[in-house]
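I have placed the structure first, in the form of C-alpha cells, so that the comments after it can refer back to it.
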C-alpha cells in the first residue's frame, strides 16, 4: 500500500511538468477567463500555465527548480511579477528586471492566487512623502550602499549583480527591503522601521536626478573617477604649458 | 647638539678639495659676494628646520585640535622654505655661465672643465660651510619629518595589544541603540550588527555580524560544536584582508540553485562562508573570518561563550601564532 502511494506521488510529480509542457521561454501563456471567474480562480489557471513547472502544483515548490510559495504572501508575488523578475527562463539564472508580459488584471489575479496559498504579508503602501531626504541618504548609505552604491546605480556582490534602482517604484523598493529578493537580505522592522523606509525611498527617488551643483556629473559614479578626470585635465594643461615654454625658449 | 654641529663642521672641513697644481684660466667670471642673499638663505634653511622639527612634535602631541591640519601645514612650510632657499641660491648666489655646446662627459679634459665650472660657480659664497651645514640640517630635519608618519603603521615589536578583544564568556550582545539581543529576535535571511555591552565600540574586536541559518545547514568544524545555538552565528565584522567593515550579507532565496549564504566585504569582495565557520570562498582575504562562540542564557539573551576563533582584523606577521585574549 505504502509503495503504491509513493509511486502515485512520484508519477504525479513527473506528470505535472509534462502536463504543463512548453514552459514560457520567450513569453507567457495568457488565459482567457470567462466573465464571472473569481480572481483567485483566474490566477490559479495562469499559475498552472506559467509557473507550475518550477513552483510545483499548488505552489508547493519543486526540488532544484523553484521554492515553495506558501506563506510568501502578496508582497513577494507582487514584487517578482511587477518587476518582470518572474517568469524566469532558467531557474539557475539571476532574475532581472524585464518587460512585464502579463496584463494588469492577470498580474493582480496571480498575486491574489499566491496570497490565497497560505496567507503571508500584504503589499506594502509606503509614503515616501513623509520621509526625510537627509535621513534617507544616511540610512541608504548604512544599509544599502554596500551593494547598490550610494548613488543607487547598482553594483556587485560575489556571484550576482545588485541591480540599479533607477526604475524601482516606491512600492517595489518597500517590497524588496522587506522580502529580500534573490541574494539580497531582507530587513525587518527592527532594522529599518516603516518611517525609515519612507526616508530611504525618498532618497532613492532623489538619487535618480540629483542636484548636480558641481556641473559635470560623470554618471554619478563617485569621487574616484571625478578625481581621475581632474588629474587628466591637469596633466594636459601642464603638458600644454611646458610645450609653450619650450617653444618660447627655442625662438 | 652643539657637539653634533661641531662634528659636522669638522667632517666637512676635512673633506676640503685638494689644491690644484696650477690655477687654470677662469671659465666663470667672478661675481661680487652677496651677504644679504646669504642671510636670506640661512634664514630660510633655519625656518625649514624649525618647521620640519615641528612635524614630529605635533604628531606626538595628541591634545591639540586640528592636529592633522597642523601636521600638513608644518610639512608644507618646511618644503616651501627649502624650495625658496634653493631659488635664492640659484638666482642670487651661483654665478651662471651658459655653455655654447653640450656638456662633454666623455673626454677627460672636458670633464675637468665641467668640474672647474662647478667649482667656480660657487665662488661667490663667503660662508660656504655655514650654508652647507644649514642646508644639511634642514634636509635631515625634513627626512625625520617624512619618516614620522611611519609610526602610525602600528606596533612593530609589541603585537600583543592586537590580540586583545572586549569579548569574554558572559558578555551580552547589544545593538547600536544598546538594546540587548534576544535569541528569538534573530531571524533568518537577514543580518544584524552587534556590539559588546559596556565596551568601547571603536575597538577592532568589538563589532559583530550576527546571522541565523537552519541548524541543519551548518557545517562547523567539530571543535566548534555548540558555538551556534539555534543556528545563530556571530562573526567579527572586520574583514581579515584590509580591515573594512563587512556590510554585505548574501543570502539565497532558494538554496538549491543559488550561491550559498556568505558575508561579503564591500572593499575587495572577500567572501566568507557563514555555514562552515567563516572560511574564505573568494577574494583577497588570507584567513577565515573569526567566529565568536555564542550561548543563550536562561532569559533568552544572547551572550558570548568565549573569545574569537582567531585574531581579529587585517593580518600581520605571525598573526596565527596566538589566539585572541580578553
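Between A:204, A:171, A:157, which is within 17 Å of the chain's Cα centre (by Cα), within 13 Å of chain B (Cβ to nearest Cβ) and under 21 Å from residue A:97 (Cα atoms)? Before you say what the answer is, go through the steps one by one.
Details: A:204 fails: within 13 Å of chain B (Cβ to nearest Cβ); A:171 fails: within 13 Å of chain B (Cβ to nearest Cβ).
Unique residue meeting the criteria: A:157.
In this structure, does residue B:192 turn out to be under 26 Å from residue B:298 (Cβ atoms), surrounded by 14 or more Cβ atoms within 10 Å (Cβ to Cβ) and either touching a residue at least 40 places away in the same chain (Cβ under 8 Å) or facing another protein chain (nearest Cβ under 10 Å) (or both)? Here the answer is yes, as residue B:192 does meet what is asked.
Taking segment B:304-326 as the range and being farther than 15 Å from residue B:163 by Cα and surrounded by fewer than 22 Cβ atoms within 10 Å (Cβ to Cβ) as the test, only B:305 passes. The residue that is surrounded by the fewest Cβ atoms within 10 Å (Cβ to Cβ), among those in segment A:84-113 that are within 14 Å of another protein chain (Cβ to nearest Cβ) and in contact with a helix residue (DSSP H, G or I) (Cβ under 6 Å, 6 or more places away or on another chain), is A:92. For segment B:270-279, a residue qualifies if it is touching a residue at least 24 places away in the same chain (Cβ under 8 Å) and buried (at least 19 other Cβ atoms within 10 Å of the Cβ), and the qualifying residues are B:270, B:272, B:274, B:275, B:277, B:278. For segment A:106-119, indicate whether the set of residues that are more than 18 Å from the chain's Cα centre (by Cα), closer than 21 Å to residue A:200 by Cβ and in contact (Cβ under 8 Å) with a residue 60 or more places away in the chain is non-empty. Within segment A:106-119, not a single residue is more than 18 Å from the chain's Cα centre (by Cα), closer than 21 Å to residue A:200 by Cβ and in contact (Cβ under 8 Å) with a residue 60 or more places away in the chain.
The combined condition, being more than 19 Å from residue A:96 (Cβ to Cβ), modelled with pLDDT of 95 or more and within 14 Å of chain B (Cβ to nearest Cβ), is fulfilled by residue A:196.
What do you reckon, is residue B:226 more than 9 Å from chain A (Cβ to nearest Cβ) and touching a helix residue (DSSP H, G or I) at 6+ places or on another chain (Cβ under 6 Å)? When the stated conditions are applied, residue B:226 does not pass them.
Provide a single number: the residues in segment B:280-301 that are closer than 18 Å to residue B:315 by Cα and either within 14 Å of chain A (Cβ to nearest Cβ) or crowded, with 17+ Cβ neighbours inside 10 Å (or both). Step through it out loud before you land on a result.
First, the residues of segment B:280-301 that are closer than 18 Å to residue B:315 by Cα: B:280-292.
Now restrict to residues that are either within 14 Å of chain A (Cβ to nearest Cβ) or crowded, with 17+ Cβ neighbours inside 10 Å (or both): B:280-285, B:287-292.
Residues in segment B:280-301 being closer than 18 Å to residue B:315 by Cα and either within 14 Å of chain A (Cβ to nearest Cβ) or crowded, with 17+ Cβ neighbours inside 10 Å (or both): 12 in total.
The rows are residues; the columns are (1) part of a helix (DSSP H, G or I); (2) modelled with pLDDT under 95; (3) crowded, with 21+ Cβ neighbours inside 10 Å.
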| position | (1), (2), (3) |
| --- | --- |
| A:122 | no, yes, no |
| A:135 | yes, no, no |
| A:142 | yes, yes, no |
| A:152 | no, yes, yes |
| A:161 | no, yes, no |
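Within segment B:239-265, the set of residues being surrounded by fewer than 24 Cβ atoms within 10 Å (Cβ to Cβ) and under 21 Å from the mean Cα position of the chain (by Cα) comprises B:241, B:242, B:243, B:244, B:245.
Could you tell me whether any residue of segment A:30-50 is assigned to a loop (DSSP other than H, G, I, E, B) and crowded, with 20+ Cβ neighbours inside 10 Å? For segment A:30-50, residues assigned to a loop (DSSP other than H, G, I, E, B) and crowded, with 20+ Cβ neighbours inside 10 Å: absent.
Evaluate the following for residue B:249: is it under 30 Å from residue A:70 (Cα atoms), at pLDDT 90 or above and either out of contact with any helix residue (DSSP H, G or I) (no Cβ under 7 Å at 6 or more places or on another chain) or more than 10 Å from every other protein chain (Cβ to nearest Cβ) (or both)?
Numbers: under 30 Å from residue A:70 (Cα atoms): yes; at pLDDT 90 or above: yes; either out of contact with any helix residue (DSSP H, G or I) (no Cβ under 7 Å at 6 or more places or on another chain) or more than 10 Å from every other protein chain (Cβ to nearest Cβ) (or both): yes.
Judged against the criteria, residue B:249 is a match.
Can you tell me how many residues in segment A:163-213 are touching a residue at least 40 places away in the same chain (Cβ under 8 Å) and assigned to a helix (DSSP H, G or I)? Qualifying residue count for the region: 24.
The values are calculated or read from the model by the stated rules, or taken from the named source; none is laboratory data. Everything numeric in this text was worked out from a predicted model, so none of it was measured. Methodologically, a virtual Cβ is constructed for each residue, glycine included, from the backbone with ideal geometry; neighbour enumeration extends over all protein chains shown.
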